[in-house]
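Taking it in order: structure first as structure tokens, then the write-up.
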Amino acid sequence: MIASKPPKPRKCKAKGCEQQFIPRNSMHVACCGSCAHSIVRAKNEQAEQRKRSDERKADRARKQELKPLKWFHARTKLAVHKYIRARDHDQPCISCGKTHAAQWDSGHYVSVGSDSSLRYDLNNIHKQCSVCNQHLSGNLIRYRQNLIHKIGEAEVLRLEGPQPVHKWTRHELDDIAADATRLTKELERTI
């Protein structure tokens with residue numbers, strides 16, 4: 001007959017109790033009944049917290065689906081325009097060349113009303129003073145001249161050319177907003 005080794009002492013797994021004990025079997029983790037109950041209570045609380053966390057995630061997802069597409073457009077617009085102002089922070093107005101203005105806008109070369117598929121195209125949006133953007137309707141002649149110098153004539157012609165009709169989805173808008181936020185953070189770290 002082979003003699004079995006006596007079990008090695010273990011520390012109690014109960015929180016706050018580190019008493020050594022000799023386990024009766026491999027499943028024995030507590031030194032006494034009260035420690036075993038505290039371990040079970042802790043596991044039940046963790047399971048309850050996971051369940052509540054999962055319910056909160058499901059609620060957030062359900063609420064996201066109930067939001068109108070307009071909400072996603074507004075959030076994406078804010079993120080993209082913040083990125084444009086960060087990207088072009090050291091550049092003058094794309095139209096008039098002013099370096100100081102009361103307010104800076106993110107001006108579209110091809111307006112959103114004329115072609116909404118270019119609404120979030122980063123080559124279509126540039127830093128513009130509010131006078132040029134709002135009061136001079138974009139000051140497009142000067143905008144085009146400076147845009148050719150900035151991004152090249154081929155890209156300007158692409159923007160001016162026909163674009164396929166595009167219907168934005170929530171997931172696309174979420175992705176665009178996330179990308180713009182990530183790019184903004186990267187730029188802010190380097191500035």
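Sequence-ordered 3J(HN,Hα) estimates for the range 21-26 from the Karplus curve with 6.51, -1.76 and 1.60 and θ = phi - 60° stand at 8, 9, x, 7, 8, 5 Hz, glycine and proline given as x.
Helix 33-66 axis versus longest C-alpha principal axis of the chain: approximately 20°, rounded to the nearest ten. In terms of packing, defined here as the mean over residues of other Cβ atoms within 10 angstrom, the peptides 106-115, 55-64 line up highest first as 106-115, 55-64. As a length-normalised measure over Cα pairs under 8 Å and 6 or more apart, the relative contact order of the range 2-77 settles at 19 percent.
For the range 1-158, what is the relative contact order in percent, using Cα pairs closer than 8 Å and at least 6 residues apart in sequence?
Relative contact order here is 15 percent.
Across the range 73-90, coupling constants 3J(HN,Hα) worked out from phi with the 6.51/-1.76/1.60 Karplus curve, θ = phi - 60°, read 4, 4, 5, 5, 4, 4, 5, 5, 5, 5, 4, 4, 5, 6, 5, 9, 4, 9 Hz, and Gly and Pro carry x.
Here the dipole of the range 31-145 is about 280 debye; that uses its Cα centre as origin and unit charges on the Cβ of Lys and Arg (positive) and Asp and Glu (negative). Close Lys pairs in the range 56-152, defined as Cα atoms under 19 Å apart and 8 or more places apart or on different chains, number 8. The mean sequence separation of alpha-carbon pairs under 8 Å and at least six residues apart, normalised by the residue count of the range 59-152, gives a relative contact order of 30 percent. Taking a straight line from the alpha carbon of Lys13, these lysines sit under 29 Å away, with near neighbours fewer than eight places off in the same chain left out: Lys5, Lys43, Lys51. Looking at the chain, the accessible area is 70 square angstrom per residue; that uses a 1.4 Å probe and ignores ligands, DNA and RNA. Averaging 1/r over each pair of different alpha-carbon atoms in the chain and inverting the result gives 22.0 Å, the Kirkwood hydrodynamic radius. In terms of its C-alpha gyration tensor, the range 1-84 comes out prolate, because a/c is 1.5 or above and the ratio a/b outweighs b/c. Surface composition of the chain: carbon and sulfur make up 55 percent of the accessible area, probe 1.4 Å. For the range 154-166, backbone phi angles converted through the Karplus equation (6.51, -1.76, 1.60; θ = phi - 60°) give residue-by-residue couplings of 4, 5, 5, 5, 4, 5, 6, x, x, 10, x, 5, 10 Hz, Gly and Pro being listed as x.
Across every pair of non-identical alpha carbons in the range 78-150, the mean reciprocal distance, once inverted, gives a Kirkwood radius of 12.0 Å.
Over the chain, dividing the summed -39,500 (n - 2.57) contributions of all DSSP H runs of at least 4 residues by the number of residues returns a 222 nm mean residue ellipticity of -17000 deg cm²/dmol. Against the main long axis of the alpha-carbon atoms of the chain, helix 140-151 sits at an angle near 50°. Across the options Thr181, Ser111, Asn25, the greatest Cα extent toward the positive end of the charge dipole of the chain (unit charges at beta carbon of Lys, Arg, Asp, Glu) belongs to Asn25.
The values are calculated or read from the model by the stated rules, or taken from the named source; none is laboratory data. None of the values given here were measured: they were computed from a predicted structure. In this analysis, Cβ positions are derived from the backbone assuming ideal geometry, glycine residues included, and neighbour counts consider all displayed protein chains. Surface accessibility is based on the protein's heavy atoms, side chains included, excluding ligands, DNA and RNA. Shrake-Rupley method; radii C 1.70, N 1.55, O 1.52, S 1.80 Å.
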